[in-house]
Every structure is written in C-alpha cells, then in structure tokens.
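None of the figures in this text is laboratory data; all of them are computed from the coordinates on show. What you are looking at is a predicted structure, and each value in this text was computed from that prediction instead of being measured. Here the Cβ positions follow ideal geometry from the backbone for every residue, glycine too, while neighbour counts run over all protein chains shown.
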Amino acid sequence: MRRIVHLSDIHFGRTDRAIVGRLVEAITELEPHLLVVSGDLTQRARKKQFAEAREFLAKLPYPQIVVPGNHDVPLYNIFKRFLDPLDNYKEFISRDLYPFFVDEEVAVIGINTARSLTVKGGRVNDEQVETIRKRLDPLDEDLMKIVVTHHPFDLPGGYDEDEIVGRADEVMPKIAKCGADIFLSGHLHVSSVTNSAHRYRLDSGWAALIIQAGTAASTRGRGEANSFNLIETDRPFITVKRYECSIPPNGFLLATSEQFTQTERGWSRM
C-alpha cells in the first residue's frame, strides 16, 4: 500500500499562519510515502511568497511532486508574465516542470497547466501529452499511474465548464492509452472525487478517478474548510480521505473517507 498526501492552493501571501502550522503537524504525523502539491503555492508569485513556500515544503516529508498553478505566474508584472512566467517558481521551488516519481507500486508525473495568456484558465499541450506517454507507457500495468495538474479534468456539480483544463477532450483519449488511473488537481478550492467515465466516454471503456483537493491554507475559502487529501492505494483498491481544519487549535481532523475498487468496467464506489 502507498499513502499519498495531496494538497493544493496554499496561496502564501494569503494564508492563515495558524492553519499552516497545523498543516505541517498533520502531514508529518501521517508519514506519507509521497507528497503531491497541485499548484498555487503563492497568491501573487512574488519572491517573498515563494520563499515562504520553499520553507514550508522543506518541513514536509519527501519525496515530493510539485507543480505550479495560475497564481504562481505573475499577474501585474507584465514583463515577467510573458517572457519568463515561472522564473520565481524555478528559483525557489523547482526547475523541473515534469516532476516524476516511480517505485514498486505507483508512478506519478506532474505537468504545468498554467499559461501566461490566461489569468485563471489552464491548458495541456502536445509536448506535455507526449512526455506523459513516454514516462507512463513503458511501465508495468500493475503500477497505479497518476497524473498531477493544477487545473482539473472534471468538475463537481454547479461549476462552469470553462474551469476544465483546456484541450481536455482532445488529450484525454491520448493519456488514457498509457493507462492513467488517477488524476490529481486543485484550482477550485473545493474537494471532490469524480469518475472520468461520466465525462469522457471512450471506446476502450477506460476510466480514471479525478480527485481534487480543496485549499490547504488560504483564507479565500469557497464554503469549505481548509483541507487536504490522503490517498491510500492498494490495487485494485483506493481510499480517499479528506482532512479538514475548521478551528486552528483543533488541527486537521478526518472529515470523510471514500473507498473505490477498480474493475474491468472502471472505478466503482464501495
């Protein structure tokens, strides 16, 4: 079994410091095999905010898969936004925009969906799809294969379709061919687990779980307490646990736990 902590949308520059402290405590106690951060480490992509994010990540368990989000691209510095949008991210967090982890049970690849030409929206390009396929295709089918993006490939009910990552309909069939089992994302500040089969009806019958994390520490909540996910994989089973912090002195507590099993027809909720 592998235990993966999945958090997103921390937004240094707009965080509750008490929540950040509790977040470090909770994740450290869980002792995950892998930490995944699906973007928006900062509020305005400033050096001071990235320095805080780097200090935060240094306190958490390794290995880590981290990808940028749209807030990690400068909004008001037009020169940087278009000529070197991820300059600060690369300086303080990582120069690797295709972080990859693989062991005997899981394979995880992250890609950057943030773009300079859009303020909120994201996109997947052909080069990124090809990199995903090159990394995941040769691997054993028994591995749980996971793709990490900031912008989601699916939405919970009530959200505008524009929130889905750009070119999703075009690239999803290509990613499906390499056997991706799980997609991890953030962006919406709302936790959810959906089945790709409801949106992407592919001839192969392939289906993946699309798991979104809420905001881990931002004060910009959207009706949901600060939270993160713990994902436990043990093929063909997966458990998705959500930990929430409503009152900082109480810390992060288990709020929900959902179990799924993978069959020839895709994922089923248990």
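Label-to-label distance for R235 and A51 is 4.5 nm, based on points extended 7 Å past Cα in the beta-carbon direction.
Extension gain, L202 to E141: 0.36 nm times the residue separation minus the Cα-Cα distance gives 20.1 nm. Estimated from the Cβ-Cβ distance and a Förster radius of 22 angstrom, the FRET efficiency linking L30 and R265 is about 0.10.
Taking 18 Å as the straight-line reach from the Cα of K48, the aspartates and glutamates in range (excluding those fewer than 8 positions away in the same chain) are D9, D16, D40, D72, D84, D87, E91. Distant-in-sequence amide contacts of F228, defined by a placed amide H-H separation under 5 Å and a gap of 5 or more residues or a different chain, comprise Y243. The listed peptides 1-7, 14-20, ordered by packing as a protection proxy, come out as 1-7, 14-20 (highest mean of other Cβ atoms within 10 Å first). For the range 30-53 versus the range 111-152, the inter-centroid distance based on Cα atoms is 19 Å. Using the Cβ of D162 as centre and a radius below 14 Å, the other residues enclosed give a net charge of -1, where K and R count +1 and D and E count -1. Cross-link pairs exceeding 23 Å between alpha carbons, from the set K145/K241; K145/K177; K47/K134; K134/K174: K47/K134.
Contact order, relative form, for the chain: 20 percent (alpha carbon pairs under 8 Å, 6 or more residues apart, mean separation divided by residue count). The modelled label-to-label distance for the pair R14/R167, using points 7 Å beyond Cα in the direction of Cβ, is 2.8 nm. Here the range 2-269 is described by how far its Cα atoms reach on the three principal axes: 47, 44, 37 Å, from widest to narrowest. At an R0 of 35 angstrom, the distance between the Cβ atoms of Y98 and N250 translates into a FRET efficiency of 0.35.
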